[in-house]
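Here the structure is laid out as structure tokens; the discussion comes afterwards.
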Amino acid sequence: MAQFLKEEQRQAIIEAARQELREKGYQDASMRSIAAKAEMTVGNLYRYFKNKEEIQEHIVSHARDEIDDILRELTVDTVSKEARVFSIKTDVNELSKLMDRFSDRLIGLYQIRPDEFMILLTDEKTEEKIIRWFTRTIRSLVDQHYLFDSQQQERDLLTGTYAKCICTGIKTIFNEKDISIESLSSALKTFLHSFIVMLDSDFTQRNDAYSFYHIPNAEKEQQ
């Protein structure tokens, strides 16, 4: 009976922490609030978990592993094999297809583990991993539009900034309330696809303008 009560209390803590983390995110969640939701003292809570990091890891460990698998598999299966193509001229259509596969995997994980997935969206380590994945994935798209090696700092800054913007957009879409899974999937794919296409289009226009204003005047007159 005592063992049953301990397990019952442990599950109460986990469910309370799941609610707390989903509502507030890791930074704003507190052990005191989790204890209150679980209807126990903070001292009793610490008998089961030593801190909120341990509780969160217990809740999201499977979802975290699956996100790691998604990022690793798509990087290995797609980006590395197409690196030679991307280094010459990035195929925007292929890059968009990669984003579709990424979207499908995220939506699938969200459907299976919605609470864990949403908690991970507020997790700094997970966010950093996703940003690094996007940085690697769109890097060639940015690089191919820069004409000089001296622009390395600018391309690094832009690539990292774009990746952070994409990650923020993903979180915004998943945080939308009362939306069907079909609409969520469509919005996510449209966002990622349009971001890639607009990025490529903007850089192309920028390079065309650069080429025009930096060619000799005699050649301009001929044009």
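The values are calculated or read from the model by the stated rules, or taken from the named source; none is laboratory data. Because the structure is a prediction, the values reported are computed rather than measured. Here the Cβ is made from the backbone with ideal geometry for all residues, glycine too, and neighbour counts use every protein chain on show.
Before moving on, here are some points about what is shown:
- Any hit, the stretch 92-104, residues being assigned to a helix (DSSP H, G or I), among the polar types (S, T, N, Q), modelled with pLDDT of 95 or more and in the same structural domain as GLU124 (by TED's automatic domain parsing): yes
- Pairs with Cβ under 9 Å, 6+ apart, first in the stretch 166-189 and in contact (Cβ under 8 Å) with a residue 60 or more places away in the chain, second of a type in the set (S, T, N, Q) and surrounded by fewer than 17 Cβ atoms within 10 Å (Cβ to Cβ): ILE181/GLN111
- Test: SER103 is touching a helix residue (DSSP H, G or I) at 6+ places or on another chain (Cβ under 6 Å), surrounded by 19 or more Cβ atoms within 10 Å (Cβ to Cβ) and under 15 Å from LYS189 (Cα atoms): yes
- Within the stretch 1-65, helices (runs of 4 or more DSSP H) holding 3 or more residues that are out of contact with any Pro (no Cβ under 8 Å at 6 or more places or on another chain), exposed (fewer than 15 other Cβ atoms within 10 Å of the Cβ) and of a type outside the set (D, E, K, R): 2-28, 42-45
- Test set (1) farther than 17 Å from THR137 by Cα; (2) at pLDDT 70 or above - ALA209 fails condition number: (2)
- Where a residue in the stretch 9-21 is in contact (Cβ under 8 Å) with a residue 60 or more places away in the chain and its partner, wherever it lies, is acidic (Asp, Glu), with Cβ under 7 Å and at least six apart: ARG18/ASP115
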